[in-house]
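Please treat every number below as a calculation from the coordinates, not as lab data. Only a predicted model underlies this, so the values are computations on that prediction, with no experimental measurement involved. Every residue, glycine among them, receives a Cβ derived from its backbone with ideal geometry; neighbour counts consider all protein chains shown.
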Amino acid sequence: MDVKYVPTTCPYCGTGCGLNLVVKDGKAVGVSPWHRSPVNDGKLCPKGNFAHEFIHSEDRLTKPLIRKGEKLVEASWDEAYDLIAKSFKKFKPDELACLSSARVSNEENYLMQKFARTVLRTPHIDNCAHLCIAPTLVGLTGAFGSGAMTQSVADIAEAKSILIIGSNTFEQHPLVGRRVVQAKRNGAKIIYADPRFTPTAKHADLYLPFAPGTDVALLNGFMQHIIRNGWENKEFIGNRTRDFEKLKAAVMQEKNSLASVSKLSGVPEKDLATAAEWMAKSGGNAIIYSLGMNQHTTGVDNVRAIADLQMLTGSVGRPGTGVCALRGPNNLQGACDMGALPDMYPGYQAVTPENRKKMADAWHAEVPEGKAGYSVTDLIGVLADKPGTVKALYIMGENPMLSTPDLHRVEKGLRGLEFLLVQDIFLTETAALAHVVLPAACFAEKDGSVTNTERRVQRWRKAVNPPGEAKPDWQILCELAGKMGAAKQFTYKGTEEIFAEIAKVTPQYAGMSYARLEKPESLHWPCPAADHPGTPILHGEKFATPDGLGVFAPVEWRAPAEVPDKEYPLVLTTGQCLWQFHTGTMTRRSEDLEREAPTGWIEIHPEDAAGLGISDGEVVRAVTRRGQIEIPAKVTSEIRKGVTFIPVHYAESAANVLTNSAPDPVSKIPEFRAGAVRVEQMAGGQ
Ligand code: SF4
């Protein structure tokens, strides 16, 4: 019997674990450890263990589909391409927009932004970064000159103290959690701040159950306590940073005293003091955060406060220290690196007239005027509130009908489009609204590269054939570009050739090639030359700012856009669980994962539940100003009183029907993580 083991990279979270797909008779039948993987040493979480299970699902898309009235009917590739090309050509460039994907390869993201800019000539290109990590790009770039995670995953094990805030690491990035366990075993103190006593909290030496939306207050409180006691790292501040006096003047205000912060956040003063002391005195503090810090109207402020705290204690640029800004999906880092952003070309080169010329020369094509396009959040606003502004949308591997806040508004916007093209592996909630659907290959069915949360570039290797007539996204983009008269700029023998072009136009990838990704199997960017070993730890000698100094920027606490009131008396926060991933498109088709967490739930504190007459397991109604859903209640003392939690994976109880689209004023990320909700019994209770 023909069995082979194909080393590749997990398609789920941003940790980017290596695994072997076990292939028998042309089918992916299992996953086995890839011990050499430097990210995870052969260990996997349940999602990685069962990563093969969705690949051969019976409902994979296998042929292009074209809308005829209410129905989507099968069509040939030529029919679909002709219709798409004809439809796109009807509109002006500014009336077209593209959404790229944090779940496809670097090569595919690179081609999508090149297609948007050179074939459609539109500036409106984005990926889900503006729903996930945009505050990190803005906040860390302001502080350090680069929006990337500063240390490597393995390096976390060397930390002497770790603050985890806005990240349920052990469920969302379990193999990063493993490094936290290793650090703890080496003597590190683990501090966990979260309104829920999650599985991550169980590993903490100190748990801080703070009120949602009080992150900045908490961080300012830590900083005041550190400065008040003279524990700041004076040498680091003096040699490596500027604007410390501005920070000091702001954080020393009475409102940032531990007493005031304790009152606001609900965390005992003594615990705040202990956390601050551990971080300041450990000699090597790491901060791990993820979407829980980003997805707020104060997202950029949250990130700036984290950067301030790390510079204050001199905890950047050395082994065991740093800002671990964990990316959610597997290739969110790569999608951003590749320039699938409305204001950046590949390699975070800003969209300016000068860089526009540079890209036009490199691509031998016209590129739209050097102005930023719509972010995905701007785009949804334009579609919903200014119909006719954008008339056609091309979505590759994203499902905004579940992933974006205020879903009724999203649906209104998408239904108002004259032409919607969706390219995906399944008929998602978004694809069901499309005029044309194109069947794509999944991670196991194509070659490519992906970049994990620590900037490590790794390979995807083809293990099996795509089902039916499905094709890799990169191939679809090239064929479509050809149909639209741009064959010359989109002719590649394969993904290796696309990667070579990426290396030419993306300074951070300049020294990389497929050959180098075979041995030593992966490289951290920046890797500026063919003999450069890559850079696991950033900012060792100097920061990436123009003068090489880290920049302190004091931030003041602001309340979330929506706070509880008489009508909506509880806080709603959202997140993910161990067994499912994002909108569930892949994990819900995995028998072993779906069995463990088959439907959504709303967590509510026993005292809140008792006041409402709600019992555990009872189906309740959750209502916000955006809409309502019916969902089983999980009554648990592992959540703060006054706070509720809903996981985001489930279409039948979609958390994002309820969430608030109010954006952070700078990064535009919506406030998924703090809204006001009312929970009520269904008529007559149960
Ligand atoms: Fe996959 Fe993330 Fe689990 Fe690793 S930790 S196996 S990358 S889901």
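Just a few scattered comments:
- Proximal aspartates and glutamates relative to K493, as straight alpha-carbon distance under 20 Å, when same-chain residues fewer than 8 apart are discounted: E107, E108, E445, D447, E469, D473, E479, E501, E518
- Only Lys, Arg (+1) and Asp, Glu (-1) charged, at Cβ; region 173-330 dipole about Cα centre in debye: 460
- Whole-Å distance, taken between Cα centres, linking region 1-37 and region 339-408: 34
- Cβ-derived FRET efficiency at R0 45 Å, F91 paired with E680, nearest 0.05: 0.50
- When each of the peptides 562-573, 208-219, 118-129 is scored by how many other beta carbons lie within 10 Å of its residues on average, the order from highest to lowest is 118-129, 208-219, 562-573.
- Cα centroid of region 562-576 to Cα centroid of region 125-151, whole Å: 27
- Per-residue HN-Hα couplings for region 129-135 [Karplus 6.51, -1.76, 1.60; θ = phi - 60°; Hz; x = Gly/Pro]: 3, 6, 10, 10, 10, 4, x
- Measure of compaction for the chain (Cα Rg per 2.2 N^0.38 Å): 0.92
- Test item: Cα-centred dipole of region 537-686, Lys/Arg +1 and Asp/Glu -1 on Cβ, debye: 300
- For region 78-187, a crude dipole built from +1 on the beta carbon of Lys and Arg and -1 on the beta carbon of Asp and Glu, taken about the Cα centre, is about 300 debye to the nearest 20.
- Entries in K246/K371; K160/K504; K47/K184 that, when Cα-Cα distance is taken, lie over 28 Å: K246/K371; K160/K504
- 13 Å reach of a label modelled at E596, 7 Å along Cα-to-Cβ, counting backbone N of region 29-47: 44-47
- Whether region 211-333 is rounded, prolate or oblate, judged on the alpha carbon gyration tensor where a/c under 1.5 counts as rounded: oblate
- Cut-off 18 Å (backbone N to label point 7 Å along Cα→Cβ of D2), residues of region 468-499: 468
- The packing ranking, built from the mean of other Cβ atoms within 10 Å per residue, places the peptides 441-450, 583-592 in the order 441-450, 583-592, highest first.
- Region 374-511: C-alpha gyration tensor shape, a/c 1.5 cut-off, then a/b vs b/c: prolate
- When shorter helices are ignored and each DSSP H run of at least 4 residues is given -39500 (n - 2.57), the per-residue value for the chain at 222 nm works out to -8500 deg cm²/dmol.
- Amide H contacts under 5 Å for C17, placed H, 5+ residues apart: C10
- Given charges at Cβ of Lys, Arg, Asp, Glu: the chain dipole, positive-most of W363, P546, Q253: P546
- Centre-to-centre, using Cα atoms only, region 57-121 and region 421-448 are separated by 9 Å.
- Beyond 24 Å in Cα-Cα separation lie the following of the pairs K4/K114; K114/K519; K90/K386: K4/K114; K114/K519.
- Environment charge at M586 (Cβ cut-off 10 Å; Lys +1, Arg +1, Asp -1, Glu -1): +3
- Length gained on full extension, A362 to E235, computed as 0.36 nm times the residue gap minus the Cα-Cα distance: 41.3 nm.
- Sorting the segments 72-81, 465-474 by their residues' average number of neighbouring beta-carbon atoms within 10 angstrom, most packed first, yields 465-474, 72-81.
- Shape call, region 182-275: gyration tensor on alpha carbons, a/c limit 1.5: oblate
- K519 paired with E652, simple spin-label distance in nm, labels 7 Å along Cα-to-beta-carbon: 5.2
- Rg/Rh, computed from the Cα trace of region 581-686 with Rh as the Kirkwood radius, has the value 0.99.
- Kirkwood hydrodynamic radius over Cα pairs of region 413-464, then Stokes diffusion coefficient at 20 °C and 1.002 mPa s, in µm²/s: 163
- For region 467-549, the equivalent ellipsoid derived from the alpha-carbon gyration tensor has semi-axes of 33, 16, 11 Å in decreasing order.
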